[in-house]
Amino acid sequence: MDPSPSFPAAPSFAAITARAARPSGLAASRFEFVLACAVVFFAPMNVLRLPSFYFTASDAFACLCLGFMVLNRSIHLKPLGPGTAYWLFGLALMIGALLASSLLAGAVDRGLILSMQYLFAYFLLPIILLARPWPQTTILMKVFVASIVVMILHGIYVVDFVGVTNSTFVSGNGRLLGFVERANECGSLIALTVPMILSMAAMRTMHPLIALAILPLVAYGIMLTGSNTALYAMLYGLGVFFLATLTPLRAVVGVTAILLLWSAPNLPVISDHLPAVFQKRVLTGLETGNLNEAGTFVGRMQLNQEAVRLGGEALLVGHGADQYREISEWHAPVHNLYLLIWNEGGLIALAGFLIMLTGGVIALAIPLRYRGGRPVFVCGFATLSLFAILINAVPHVYGRFWAVPILLSLAPAITFLNEGPTWQRKSTARRS
């Protein structure tokens, strides 16, 4: 063997042209990611939509981003990793049952529209947002948190400084509607960010001091919405995170934080400075223990009881998309997604929705088999389980402000399966 070094062979014409094309390809990839960031940032801004059809600013950026992904050939066929098959099968089953029920009920137009909305939220958005590299995944999560912070700061301005009620952002009784234009949904959306913020701090993708600065702002934003559901959701998110990441120190901190959040509003020195709508709708019920004074609990329970009764007539075939309000005695959709899907699409549609959620659980569970997979599991499980609880109090969830935080909470687990725990490697490199 000749020990002398050999000169590299001259590059081929194909290699030269490929190298020359890299800058433009890199620029296209960067622009694609900028569009993905825009999808995430504008997702909570439900107010930016067409008046005649539910198509938001976030949707417009999503379509552009998907187009660039096609050109860049960066579409992942398994955006949810090992849970993709369950997710897609469940989504197809739910949509198929809704379409069939709508066809038999003579509401084909509503069935098509509802199916398209769910397809956009839970089929196209996973392709756009999931299975990205670690740096992009963490940036997308930070962009979403920044969007929520902007919404809360805007809410503080319009409620505490402007003080105008019965507007686009504030209801007649002073509840913050936010960019979502719905008080309970706005509060629930803010609560969904709590596990994400804590998990980002645990994974060292957000500085703990920044997380500590954001959490009080999040709590105050929930108070401005006057939502009992959002308050309990925030406490649940805190509890699940600290239990799942249980260490003696975190257990003490977590229990102390939850007890303080639970008891502090009852102290006169604090309660007198809380938002008026929170004192009226939430604090009164906490002090008296009377659920009748805690929002619209009784009215929602009546709708739930009616939905269970009407659901007995929709075991296999439902009443059709958006038809529950037509058959309801109160002419309003039941604020319980499980009961609403059951009534409008039958038990097959409900089973499909549950199978879709199971796909998310599978994507989260697989990283537990590997070292360093627990933080990404906690991030996704806390948010996904909170979502499963929150939809007991809301109707349809095809709004992008619902889908994006759920998908972003699953994103670290999927990226972990593709690349491993990058944040641990970075922290080890810094210490060395």
| query | Are there any pairs, at least 6 apart or on different chains, whose C-beta atoms fall under 8 Å, with the first in the range 220-233 and on the phi > 0 side of the Ramachandran plot and the second part of a helix (DSSP H, G or I), and if so, which? | reply | 226/183; 226/187; 226/277; 226/278; 226/280; 226/281; 226/282
| Is it the case that the range 140-152 has a residue that's more than 19 Å from the chain's Cα centre (by Cα) and either assigned by TED's automatic domain parsing to the domain that holds residue 238 or surrounded by 18 or more Cβ atoms within 10 Å (Cβ to Cβ) (or both)? | no
| request: Can you tell me which residue among 167, 171, 188 is surrounded by fewer than 24 Cβ atoms within 10 Å (Cβ to Cβ), in the same structural domain as residue 227 (by TED's automatic domain parsing) and within 22 Å of residue 228 (Cβ to Cβ)? | output: 171
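This table checks each residue for (1) in a loop (DSSP other than H, G, I, E, B); (2) modelled with pLDDT under 85; (3) closer than 17 Å to residue 235 by Cβ; (4) out of contact with any Cys (no Cβ under 6 Å at 6 or more places or on another chain).
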site	(1), (2), (3), (4)
254	no, yes, yes, yes
258	no, yes, yes, yes
262	no, yes, yes, yes
265	no, yes, yes, yes
274	yes, yes, yes, yes
299	no, yes, no, yes
306	no, no, no, yes
316	yes, no, no, yes
321	yes, no, no, yes
| query | If a residue has to be touching a helix residue (DSSP H, G or I) at 6+ places or on another chain (Cβ under 7 Å) and surrounded by fewer than 24 Cβ atoms within 10 Å (Cβ to Cβ) to count, how many in the range 407-422 make the cut? | reply | 3
| Which ones in the range 330-376 are of a type outside the set (A, V, I, L, M), assigned to a loop (DSSP other than H, G, I, E, B) and under 21 Å from residue 392 (Cβ atoms)? | 330, 333, 335, 336
| query | Does the range 353-370 contain at least one residue that is modelled with pLDDT under 95, farther than 30 Å from residue 130 by Cβ and over 18 Å from the mean Cα position of the chain (by Cα)? | reply | no
| In the range 72-104, which residues are among the basic types (Lys, Arg) and either touching a residue at least 40 places away in the same chain (Cβ under 8 Å) or under 14 Å from residue 354 (Cβ atoms) (or both)? | 78
| request: Taking residue 198 as the residue in question, decide whether it is closer than 13 Å to residue 152 by Cα, assigned to a helix (DSSP H, G or I) and at pLDDT 90 or above. | output: no
| remark: The lone condition residue 160 fails out of (1) touching a Pro at 6+ places or on another chain (Cβ under 9 Å); (2) surrounded by 16 or more Cβ atoms within 10 Å (Cβ to Cβ) is (2)
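The values are calculated or read from the model by the stated rules, or taken from the named source; none is laboratory data. Since this is a predicted model, take the numbers as computed values, not measurements. Cβ atoms come from the backbone with ideal geometry, glycine included; neighbour counts cover every protein chain shown.
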